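K.L.:
Here it is: the structure, laid out below.
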Amino acid sequence: MNRSRERTSLWAKAWYKLRRDRIGMISLGVVLLYFVVALGVWLGLWGQGWSQVEGPMWAPPGPKYWLGTNIIGQDIFERALYSTRTAFDVGLVVAVLSTLLGGLMGGLAGYFSNRWADELILWLMGVLDAIPFYLFVAALAYALQGNPYAMHIAMIATFWTTTARLVRGEVIKLKQFEFVEAARAIGLPRRLILFRHILPNTFHILLVQATIVFVGAIKSEVILSFLGLGVTDGVSWGLMIAESTQEVQAGHFSNFVTASSFLFVLVMAFNLFADALQDALDPRKVSA
Amino acid sequence: MEMLQYALRKLITGIPLILGVTLISFLLMVYFGPDKTYDLIGKNATPEQIAEIRHQLGYDRPFLTRYLEYLKELVTLDFGYSDSTGERVSSILKRTIPISLALVLPGFVLGNLLGIALALAAAWYRGRWLDKLIMGGSVVGMSVSFLIVIIAFQILLSSNYGLGWFPVRGWNVYDFGDYLRYVTVPTLATVFVALGYNTRFYRAVFVEEMGRDHVRTARAFGTPPAELLFKHVLKNALIPIITRIMFSIPFVVISGALLIESYFGIPGVGLVTYDAITTGDQPVLKAVVGLTAALFVLVLILNDILYKVVDPRVSLK
């Protein structure tokens with residue numbers, strides 16, 4: 001009795017579906033494992049020796065340096081661990097803030113559709129979408145005078161538009177439902193109707209978008225750091241790949257392979273998890 | 001005639017967009033951008049000399065005047081001279097844009113055609129092993145960073161540690177043979193990366209189209225698979241396909257080429273942009289941002305006109 005009532009809610013149903021999705025659960029496990037690694041670096045448990053220059057140049061993998069050392073004798077494994085933290089720093093900050101911004105802007109635009117507020121937000125989204133991303137990051141980095149968060153801000157400022165478009169469409173649909181009409185009929189202020197009755201119903205979109213943005217942010221960080229526009233303090237997989245391009249020409253692949261594999265496994269797991277989440281939350285989504 | 005009227009009307013609605021892009025880029029790159037004064041003055045400059053340089057750079061004029069000047073440069077396509085090389089910006093662009101187009105075009109076309117072909121196959125065998133294989137492959141393709149693909153392909157195909165068939169970097173193109181030798185590795189890398197995203201997107205479009213009533217009816221009438229796929233599914237799914245292709249054009253030319261060109265050392269507009277970013281070459285950056293925005297608006301208009309061409313029901317009113 002209790003069980004069957006539980007399953008009627010969207011979230012219980014989604015969780016039930018997700019739990020039975022084997023690939024989805026395995027990928028969630030991998031993501032959580034990475035998160036534990038990042039957490040350990042935050043707490044100072046491991047990955048702290050990433051900047052020490054103590055080993056010989058290009059030491060082979062062994063018991064002391066698990067994955068060998070790089071061109072100036074730094075432990076590649078330590079650096080890859082610390083980079084996991086960098087990736088989660090970027091991914092979490094950008095995913096959470098850009099999703100919040102996208103939800104807010106999309107909600108406002110959808111609620112006031114075809115009014116000036118909507119027009120203004122649509123215009124802003126069009127403008128942001130029309131600026132080449134790398135240039136925007138570079139320009140923002142200049143304008144913020146080397147602020148280490150310039151890259152984060154640039155990503156938040158550009159990644160929210162997709163979320164906002166999706167939320168806007170959903171809100172336009174939702175606001176014609178009876179429950180909104182009822183809320184309006186009993187005289188609730190618009191602020192409450194939008195934030196307490198309409199926006200919570202777009203949460204499934206926000207959740208899926210957040211996972212997609214997380215992946216996008218990590219991938220962009222790697223390329224931006226490689227180009228010298230991204231992470232400036234600390235180390236990241238992108239910086240490791242950047243330094244490895246010289247080593248690769250000399251036939252030392254450990255740095256490149258390590259950074260690439262760490263990045264690939266995380267992104268792949270996150271992509272698969274995002275798919276599983278979408279399958280679980282959206283009954284209409286076409287899938288296998 | 002109707003088309004021309006429509007295009008003009010659209011062009012006018014595109015103006016706020018161009019104003020917005022130029023305003024933001026002007027604010028970020030010029031107004032709050034790097035101060036060039038101290039790059040130009042010598043040692044022990046007097047306050048008068050500093051003021052003189054600032055006057056030449058236009059720093060003492062009001063914001064609006066400087067912004068309007070930028071707009072004038074955009075309209076007349078005269079962006080002045082590059083800060084770092086002293087070459088005219090318009091002649092730099094004239095030299096480098098064809099190289100970038102030649103570099104990016106094969107990968108862009110192949111990536112989309114192959115993506116459509118694979119997506120049709122996957123949608124046709126939906127739920128079967130071929131579909132699962134293709135979709136699994138595309139998730140893997142989506143998960144590998146573009147950067148890693150470029151470096152790995154260079155090692156495997158161009159370096160002495162791999163096959164060593166192609167030049168490692170550069171762009172010494174004098175005839176078609178050279179072109180093929182230099183364009184192959186970047187093209188393969190672009191296709192590899194684009195294929196995952198494209199296949200997934202197009203498959204979703206085709207699967208949705210295949211669920212429609214007209215396809216079911218055609219199937220019931222015994223339409224052969226090839227005709228069904230091309231005439232009933234592909235043709236009806238052209239609108240999302242066109243939208244995707246058109247909207248990637250403005251960015252393929254600049255953003256897409258930036259990483260490839262800077263890694264392979266190919267002198268196209270992407271490398272010029274990258275160099276301009278690292279050296280803070282404002283005239284070049286202003287030109288690139290402004291032209292991308294203009295291209296974006298152009299694509300918006302062309303896109304709507306193409307809708308009309310492929311779907312007679314679409315009205316241009």
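K.L.:
Looking only at segment B:130-139, filter to residues that are in contact (Cβ under 8 Å) with a residue 24 or more places away in the chain, of a type in the set (A, V, I, L, M) and more than 7 Å from every other protein chain (Cβ to nearest Cβ); which one of those is surrounded by the fewest Cβ atoms within 10 Å (Cβ to Cβ)?
P.N.:
B:I134
K.L.:
Here is a list: A:L101, A:L124, A:L97. Which entry is part of a helix (DSSP H, G or I), of a type in the set (A, V, I, L, M) and within 14 Å of chain B (Cβ to nearest Cβ)? Before you say what the answer is, go through the steps one by one.
P.N.:
On the way: A:L101 fails: within 14 Å of chain B (Cβ to nearest Cβ); A:L97 fails: within 14 Å of chain B (Cβ to nearest Cβ).
Among A:L101, A:L124, A:L97, only A:L124 is part of a helix (DSSP H, G or I), of a type in the set (A, V, I, L, M) and within 14 Å of chain B (Cβ to nearest Cβ).
K.L.:
For segment A:171-180, state whether one or more residues are more than 14 Å from chain B (Cβ to nearest Cβ), touching a Ser or Thr at 6+ places or on another chain (Cβ under 6 Å), surrounded by fewer than 19 Cβ atoms within 10 Å (Cβ to Cβ) and part of a helix (DSSP H, G or I).
P.N.:
To start, the set of residues in segment A:171-180 that are more than 14 Å from chain B (Cβ to nearest Cβ) comprises A:171-180.
Subsequent filtering for residues that are touching a Ser or Thr at 6+ places or on another chain (Cβ under 6 Å) retains A:172.
Applying the additional criterion that residues be surrounded by fewer than 19 Cβ atoms within 10 Å (Cβ to Cβ) yields A:172.
Restricting the remaining residues to those that are part of a helix (DSSP H, G or I) gives A:172.
Yes, there is a match, as at least one residue in segment A:171-180 is more than 14 Å from chain B (Cβ to nearest Cβ), touching a Ser or Thr at 6+ places or on another chain (Cβ under 6 Å), surrounded by fewer than 19 Cβ atoms within 10 Å (Cβ to Cβ) and part of a helix (DSSP H, G or I).
K.L.:
A further question follows. Scan segment B:265-281 residue by residue and report those that are in a helix (DSSP H, G or I) and touching a helix residue (DSSP H, G or I) at 6+ places or on another chain (Cβ under 6 Å). Steps first, please.
P.N.:
Here is the first cut: in segment B:265-281, the ones in a helix (DSSP H, G or I) are B:269-279.
Those that are in a helix (DSSP H, G or I) and touching a helix residue (DSSP H, G or I) at 6+ places or on another chain (Cβ under 6 Å): B:V269, B:G270, B:L271, B:V272, B:T273, B:Y274, B:A276, B:I277.
K.L.:
Assess whether B:L285 counts as being on the phi < 0 side of the Ramachandran plot and touching a Pro at 6+ places or on another chain (Cβ under 9 Å).
P.N.:
Answer is no for this residue.
K.L.:
I would also like to ask the following. Checking the condition surrounded by 19 or more Cβ atoms within 10 Å (Cβ to Cβ) and part of a helix (DSSP H, G or I), which residue from B:F206, B:F247 passes? Step through it out loud before you land on a result.
P.N.:
Working: B:F247 fails: surrounded by 19 or more Cβ atoms within 10 Å (Cβ to Cβ).
That would be B:F206, the only listed residue that is surrounded by 19 or more Cβ atoms within 10 Å (Cβ to Cβ) and part of a helix (DSSP H, G or I).
K.L.:
Quick one: in segment A:222-235, which of the residues that are more than 12 Å from every other protein chain (Cβ to nearest Cβ) and within 20 Å of A:Y34 (Cβ to Cβ) is surrounded by the fewest Cβ atoms within 10 Å (Cβ to Cβ)?
P.N.:
Taking segment A:222-235 first, the residues more than 12 Å from every other protein chain (Cβ to nearest Cβ) are A:231-235.
The next check asks that each one be within 20 Å of A:Y34 (Cβ to Cβ); those that pass are A:231, A:234-235.
Working: A:V231: 23, A:G234: 16, A:V235: 23.
Per the stated criteria, the residue is A:G234.
K.L.:
How about segment B:1-119: which helices (runs of 4 or more DSSP H) wholly inside it have at least 2 residues that are polar (S, T, N, Q) and surrounded by fewer than 13 Cβ atoms within 10 Å (Cβ to Cβ)?
P.N.:
B:2-25, B:63-76
K.L.:
Further question: Within segment B:140-182, how many residues turn out to be in contact (Cβ under 8 Å) with a residue 60 or more places away in the chain, away from every other protein chain (no Cβ under 11 Å) and under 24 Å from A:A250 (Cα atoms)?
P.N.:
Result for segment B:140-182: 3.
K.L.:
Collect the residues in segment A:33-81 that are open to solvent by 30 Å² or more (accessible area, probe 1.4 Å), closer than 20 Å to A:V231 by Cα and of a type in the set (F, W, Y), keeping them in residue-number order.
P.N.:
A:F35, A:W42, A:W50, A:F77
K.L.:
Would you be able to tell me the number of residues in segment B:154-170 that are open to solvent by less than 40 Å² (accessible area, probe 1.4 Å) and within 16 Å of B:P267 (Cβ to Cβ)?
P.N.:
Residues meeting the conditions: 2.
K.L.:
If I filter segment B:2-21 for residues that are among the basic types (K, R), free of Cβ contacts under 8 Å to residues at least 60 places away in the same chain and over 30 Å from B:L238 (Cβ atoms), do I get at least one hit?
P.N.:
Here is the first cut: in segment B:2-21, the ones among the basic types (K, R) are B:9-10.
Now restrict to residues that are free of Cβ contacts under 8 Å to residues at least 60 places away in the same chain: B:9.
Still in the running and over 30 Å from B:L238 (Cβ atoms): none.
No: zero hits.
Residues checked against (1) open to solvent by 60 Å² or more (accessible area, probe 1.4 Å); (2) part of a helix (DSSP H, G or I); (3) within 13 Å of chain A (Cβ to nearest Cβ):
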residue: B:Y202; (1), (2), (3): no, yes, yes
residue: B:R216; (1), (2), (3): yes, yes, no
residue: B:T223; (1), (2), (3): no, no, no
residue: B:L229; (1), (2), (3): no, yes, no
residue: B:I242; (1), (2), (3): no, yes, no
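K.L.:
Among the listed residues A:A183, A:A157, A:A164, A:A141, identify the single one that is more than 24 Å from the chain's Cα centre (by Cα) and in a helix (DSSP H, G or I). Even if it seems obvious, please write down each step before you answer.
P.N.:
Numbers: A:A157 fails: more than 24 Å from the chain's Cα centre (by Cα); A:A164 fails: more than 24 Å from the chain's Cα centre (by Cα); A:A141 fails: more than 24 Å from the chain's Cα centre (by Cα).
Just a single option satisfies the conditions, and that option is A:A183.
K.L.:
Condition first: closer than 23 Å to B:V288 by Cα and within 11 Å of chain A (Cβ to nearest Cβ). Can you find one or more residues in segment B:111-129 that meet it?
P.N.:
Within segment B:111-129, the subset closer than 23 Å to B:V288 by Cα is none.
No, segment B:111-129 has no match at all.
K.L.:
Output the residue which, of all residues in segment A:126-139 that are more than 13 Å from A:L224 (Cα to Cα) and in contact (Cβ under 8 Å) with a residue 12 or more places away in the chain, is most open to solvent (accessible area, probe 1.4 Å).
P.N.:
Ranking the qualifying residues of segment A:126-139, first place goes to A:D129.
K.L.:
Limited to segment A:258-272, what total is found for residues that are more than 8 Å from every other protein chain (Cβ to nearest Cβ) and surrounded by fewer than 18 Cβ atoms within 10 Å (Cβ to Cβ)?
P.N.:
2
K.L.:
Anything in segment A:137-150 that is more than 8 Å from chain B (Cβ to nearest Cβ) and either at pLDDT below 80 or out of contact with any Asp or Glu (no Cβ under 9 Å at 6 or more places or on another chain) (or both)? List them, or say none. I'd like the intermediate steps shown before the answer.
P.N.:
Going through segment A:137-150, the residues more than 8 Å from chain B (Cβ to nearest Cβ) turn out to be A:137, A:141, A:144-150.
Matches in segment A:137-150: A:V137, A:A141, A:L144, A:Q145, A:G146, A:N147, A:Y149, A:A150.
K.L.:
Give me the pairs: first residue in segment B:285-297 and over 16 Å from B:G268 (Cβ atoms), second residue of a type outside the set (S, T, N, Q) and not in a helix (DSSP H, G or I), beta-carbon distance under 7 Å, and six or more apart or on different chains, which are they?
P.N.:
B:K286/B:F79; B:V289/A:I131; B:V289/A:P132
The values are calculated or read from the model by the stated rules, or taken from the named source; none is laboratory data. Everything quoted here is computed from the prediction, not taken from an experiment. Neighbour counts are summed over all protein chains in view; Cβ atoms, including those assigned to glycine, are modelled from backbone coordinates with ideal geometry. For the accessible areas, the whole protein counts, side chains as well, though only heavy atoms, and no ligand, DNA or RNA atoms are used. Shrake-Rupley method; radii C 1.70, N 1.55, O 1.52, S 1.80 Å.
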